[in-house]
Amino acid sequence: MRLDTRATARWLCCGGCRDLVYAEHFVRDLRVCPHCGHHDRLGAHERLSTLLDAHPVIPLDAAPTLDDPLGFADTRPYRDRLAQARGGTGLDEAVLCASGTILGRPVVAAVMDFAFLGGSLGCAVGERITAAAEHALATATPLLIVSASGGARMQEGVLSLMQMVKTAQALGALDAAGVPVISLITDPTYGGVAASYATLGDVILAEPGAHLGFAGPRVIAQTIRQPLPEGFQTAETLLGQGLIDAIRPRAALRPAIAQILDAAAWARGDRALPAAWRDDAPPLARRAEELPVRDAWRTVRLARHPGRPTTLDYTGWLLDDFIELCGDRVSGDCPAIVGGIGRVDGVPVMLIGHQKGHDTRELVARNFGMSSPAGYRKAARLMRLAEKLRLPIVTLVDTPGAYPGVEAEAGGQAHAIAENLRLMSRLTVPVVAVVTGEGGSGGALALAVADRVLALANAVYSVISPEGCAAILWRDASAAPQAAAALRLGVRDLLGHGVIDAVIPEPDGGAHEDPPRAAQLVRRAVTATLYELAGLDPARLVAERTRRFRAFGAAAVEVSA
């Protein structure tokens, strides 16, 4: 923003749309343009005041570092540039570190200031980020890093490069200790900062329009001599590429960060579950003989009904304050699997599930609930985060199967599914899976390696679709009804084989006839199951989960007297 002399009052010209903005309103709106939403840069002090509660804010100290290790000079001595930056910003360095609270939740914050030599990473910045991480480790307090940087500080040579390792090691220690790190990307974040602590957060949030990358656009354009695509390196593009979790406007950052801090705080407390969960389960069928014999093909059609609740429907009915977390951090964000953190009666849970849709447009956009490798990698990342935060995991399974396309195979579909099976087998937090519709082959199993597997009454679970089975074995796709019966994919047979533990009743006619009622039945069944699992220590959870799947297919052996 800059002062505009076309008016007598104090007006500013937006750096995005170039419209005039009244300065007083601009400051009131946290330096966000009311016309185009452009987020102007904030200084470190301003940023801290927008994020942290007013009291207490305690500055954090760090060990002294060399001011000018190389005796560097370009057109001016480096020491003169440092003195100018200090005078212009009121800061000693390009980062301000403090401990405080966000909506009452403790946090250690390290906030960069682009106005100080472009927020560049030098020895002092690296030392202060590291000291803040060490303080977070010593106090078991989540760390929030707000990045704004052009990269490593050239005037400090290779020593600035070494700060990337120093800070990465400090965040690695936090990861090993189970202390969460939240990264907030602001515009711009490049170079050594982007390639170290800015992208190592457990959750990466970004402001709208923020740029993030290793090489800056000018360097790339000059190197490859090609025009860059629209939206290159912007938060909106990065979200689709699976590299950040979410974009939040400035005014929404405090509550979003507080939700994550709240989940971490619950895990560090006594992790008590509401006593009401113990006896709140709906009438669940636990033996096959309790269920009627149903036509298999009719059940398949009910399981596929487009009116059945989707995972995002369930999040609205089951959870408070759900924050969706996106991306696999490698290749993309598959829309066929969604996940994030929400609260049930104040208890944070990680909910992950397949997402289909209710109409053709949504089904196509969600690839009919058929996940790519990126979806399974995203699910795995969220499960690891849940384990780190000690959160229970709930998965909702509803997919025809993993996406069988060429791109999926080239992206390692088999590898991604296999990794999930191994990961879920060793998770040390409770895992409850619910088959809400179709449980199609390995694509379903990749979210269903759980301590307890529940299913809605009209759900199905099978090694292959009836149509696929009919085409292969009957050599006639029209034999799908016979294949469905032969596959014994309904809940009565699944319960008899022990593949599922209990069946959740559905409203008359099916879940699609009364989705809110179906969601409440699922909620009560899940919370009662989580309460049952809460008393098991991590080693027992893993051991019993291993025994569960180890037993499938084994013949019973009679022991003679």
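The values are calculated or read from the model by the stated rules, or taken from the named source; none is laboratory data. Owing to the predicted nature of the structure, the values given are computational and were not obtained by experimental measurement. Cβ sites come from the backbone with ideal geometry, for glycine too, and all protein chains shown count toward neighbours. When the accessible area is computed, the model is the full protein with side chains, heavy atoms only, and any ligands, DNA or RNA have been set aside. Shrake-Rupley method; radii C 1.70, N 1.55, O 1.52, S 1.80 Å.
Assorted remarks:
- Cα convex hull, the stretch 261-325: 163 Å³ per residue, rounded to a whole number.
- In plain terms, the chain is cut at each of the GluC sites (Glu not before Pro) found in a DSSP loop with at most 10 other Cβ atoms within 10 Å, and the longest leftover piece is 231-557.
- Accessible solvent surface per residue of the stretch 356-424, calculated while the other protein chains remain in place, 1.4 angstrom probe, Å²: 40
- The chain: angle of helix 78-89 to the longest principal axis, Cα-based, in degrees nearest 10: 70
- Normalised radius of gyration (Cα atoms, divided by 2.2 N^0.38 Å) for the stretch 227-271: 1.66.
- Residue order by solvent-accessible surface for 390, 225 is 225, 390, largest first, with ligands and nucleic acids left out and a 1.4 Å probe.
- Phi-derived couplings, Karplus 6.51 cos²θ - 1.76 cosθ + 1.60 at θ = phi - 60°, listed residue by residue for the stretch 243-252: 9, 9, 7, 6, 10, 9, x, 3, 5, 9 Hz, with x used for Gly and Pro.
- Projected label points at residue 321 and residue 159, each 7 Å from Cα along the beta carbon direction, are separated by 4.4 nanometres.
- Ranked from largest, the principal axis spans of the Cα set of the chain equal 88, 53, 43 Å.
- Amide H contacts under 5 Å for residue 500, placed H, 5+ residues apart: 495
- When nucleic acids and ligands are ignored and a 1.4 Å probe is applied, residue 501 ends up with an accessible area of around 40 Å².
- Backbone amide hydrogens, once placed in the peptide plane, bring residue 29 within less than 5 Å of nothing, excluding anything fewer than 5 places away on its chain.
- Mean separation of Cα contacts under 8 Å, 6 or more apart, over the residue count of the stretch 31-135: relative contact order %: 31
- For the chain, the longest principal axis of the Cα atoms and the long axis of helix 157-177 meet at an angle of about 40 degrees.
- Based on Cα contacts under 8 Å between residues 6+ apart, the chain shows a relative contact order of 10 percent.
- Taking the stretch 336-485 and dividing mean pair separation by its residue count, relative contact order in percent (alpha carbons under 8 Å, at least six apart): 20
- The residues packed around residue 449, meaning those with a beta-carbon under 15 Å from its beta-carbon, carry a net charge of +3 if Lys and Arg are +1 and Asp and Glu are -1.
- Once backbone amide H atoms are built at 1.01 Å from N, residue 439 has 399, 460, 461, 462 as its partners under 5 Å, excluding neighbours fewer than 5 places away on the same chain.
- Karplus-derived HN-Hα couplings along the stretch 431-441 (A = 6.51, B = -1.76, C = 1.60, θ = phi - 60°), whole Hz, x at Gly and Pro: 10, 10, 10, 10, 7, 9, x, 8, x, x, 6
- Computed from backbone phi with θ = phi - 60° and the Karplus coefficients 6.51, -1.76 and 1.60, the 3J(HN,Hα) list for the stretch 290-306 is 7, 10, x, 7, 10, 5, 5, 5, 5, 5, 4, 5, 5, 4, 8, 4, x Hz; x is used for glycine and proline.
- By the rule of a second cysteine Cβ within less than 4.7 angstrom, the chain holds isolated cysteines at 13, 97, 123, 326, 334, 469.
- DSSP beta bridges in the chain [antiparallel fraction, %, rounded to 5]: 45
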